[in-house]
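Asker: The structure's right below; bear with me while I get my questions together.
The values are calculated or read from the model by the stated rules, or taken from the named source; none is laboratory data. Computed from a prediction, not measured in an experiment: that's the story for all the values here. Cβ: placed from backbone, ideal geometry, glycine included. Neighbour counts: every protein chain shown.
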Amino acid sequence: MNAEYPIGIFDSGVGGLSVLREIRRELPGENLLYVADSLHAPYGDKPEQLIEARSVAICEFLLKQHAKAIVVACNTATGAAIATLRARFPVPIVAMEPAVKPAVSGTKSGVVGVLATSRTLSSENFARLSARFGADADILVQACPGLVEQVEAGDLSGDKTKALLNQYILPLLKKGADTIVLGCTHYPFLAPAIRKIAGPDIAIIDPNAAIARELRRRLTDAALLSQQTHAGTEQFWTSDAPGKVRPVIAQLWQANIAVRSLPEAFAAEALSHLQLDLG
């Protein structure tokens, strides 16, 4: 494995760009590959077997692009597939998890709200987090159907997005939450709208900067940190139509970028070798 090889990052769609943003800040010299599996977004309402199959297929694609490490920039994919990915692929793999620990450490009211997809909240990984830290705070969970779709459409502050956020956040505040965990990588793009609803005294916990620091640590430990001094590059792929996804990626990334189609072998909805029945 060459230290000058790129880093692969993937998500169910465009949400992982919030992680990519922090990785770029932390590692300005690294070349980055990003896959948005937008054809299958959101993962939060998909069968676990499908999420695992998509995660495996995308990692295989990234390794064919010589990725030296992979970041699973999706809490739902982490819960469904991280054990399989780490057992199967011999590169450093950094994964997401809702930032319950720092939220519990920082709460003053003793009440923490967690915004996430239903799949993340029902995962074994989240159950372990809740069991580990739930004794020190009241952890309120809030599934947020529809929010991922709003971000995928590039609607960060429209009436429907605001209505959904009010629906999900106000009950947490009424129950005394003084800390809100963003448990999906799409949600940091909604942070300004969340702040308007929650007010200035509510802590909003975004784990993405910590993920970028963990990636740096893992690369350093493996002697895979790039030594190049010029700015790194980004490349983007999607399993959906690039013409549909590119405007949203450009909006969120705040740059005029190119988006390529994920090759058919990796973008296929049915992966026959895993014998999926998608119905």
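Asker: Given (1) in the same structural domain as CYS184 (by TED's automatic domain parsing); (2) not in a helix (DSSP H, G or I), where does VAL104 come up short, assuming only one miss?
Answerer: Tallying (1) in the same structural domain as CYS184 (by TED's automatic domain parsing); (2) not in a helix (DSSP H, G or I), VAL104 fails exactly one: (2).
Asker: A further question on this structure: For the condition acidic (Asp, Glu), surrounded by fewer than 19 Cβ atoms within 10 Å (Cβ to Cβ) and in contact with a helix residue (DSSP H, G or I) (Cβ under 8 Å, 6 or more places away or on another chain), what is the one hit in ASP159, ASP201, ASP136, ASP221?
Answerer: On the way: ASP159 fails: in contact with a helix residue (DSSP H, G or I) (Cβ under 8 Å, 6 or more places away or on another chain); ASP201 fails: in contact with a helix residue (DSSP H, G or I) (Cβ under 8 Å, 6 or more places away or on another chain); ASP221 fails: in contact with a helix residue (DSSP H, G or I) (Cβ under 8 Å, 6 or more places away or on another chain).
Going through ASP159, ASP201, ASP136, ASP221 in turn, the sole match is ASP136.
Asker: Of these, GLU60, GLU30, which one is charged (D, E, K, R), buried (at least 20 other Cβ atoms within 10 Å of the Cβ) and within 25 Å of LEU224 (Cα to Cα)? Spell out how you get there, then give the answer.
Answerer: Numbers: GLU60 fails: buried (at least 20 other Cβ atoms within 10 Å of the Cβ).
Every option except GLU30 fails the conditions.
Asker: Moving on. What's the number of the only condition in (1) in a helix (DSSP H, G or I); (2) touching a strand residue (DSSP E or B) at 6+ places or on another chain (Cβ under 8 Å); (3) of a type outside the set (Val, Ile, Thr) that ALA265 fails to meet?
Answerer: (2)
Asker: Take the conditions touching a helix residue (DSSP H, G or I) at 6+ places or on another chain (Cβ under 6 Å) and part of a helix (DSSP H, G or I) and apply them to GLU52. Does it pass?
Answerer: yes
Asker: Still on this structure, please answer the following. Restricting segment 104-121 to residues that are among the polar types (S, T, N, Q) and within 23 Å of ALA73 (Cα to Cα), which is farthest from the chain's Cα centre (by Cα)?
Answerer: Among residues in segment 104-121 that are among the polar types (S, T, N, Q) and within 23 Å of ALA73 (Cα to Cα), the one farthest from the chain's Cα centre (by Cα) is SER118.
Asker: Which of (1) farther than 28 Å from LYS46 by Cα; (2) outside any helix (DSSP H, G or I); (3) outside the structural domain of ARG119 (by TED's automatic domain parsing) is the odd one out, the single condition ASP201 does not satisfy?
Answerer: Single failed check for ASP201: (3).
Asker: Would you mind stating whether GLN235 is at pLDDT 95 or above, in a helix (DSSP H, G or I), assigned by TED's automatic domain parsing to the domain that holds LEU33 and not hydroxyl-bearing (Ser, Thr, Tyr)?
Answerer: No.
Asker: Look through ARG119, ARG132, ARG86 and report the one residue that is assigned by TED's automatic domain parsing to the domain that holds GLN228, assigned to a helix (DSSP H, G or I) and among the basic types (Lys, Arg).
Answerer: That would be ARG86, the only listed residue that is assigned by TED's automatic domain parsing to the domain that holds GLN228, assigned to a helix (DSSP H, G or I) and among the basic types (Lys, Arg).
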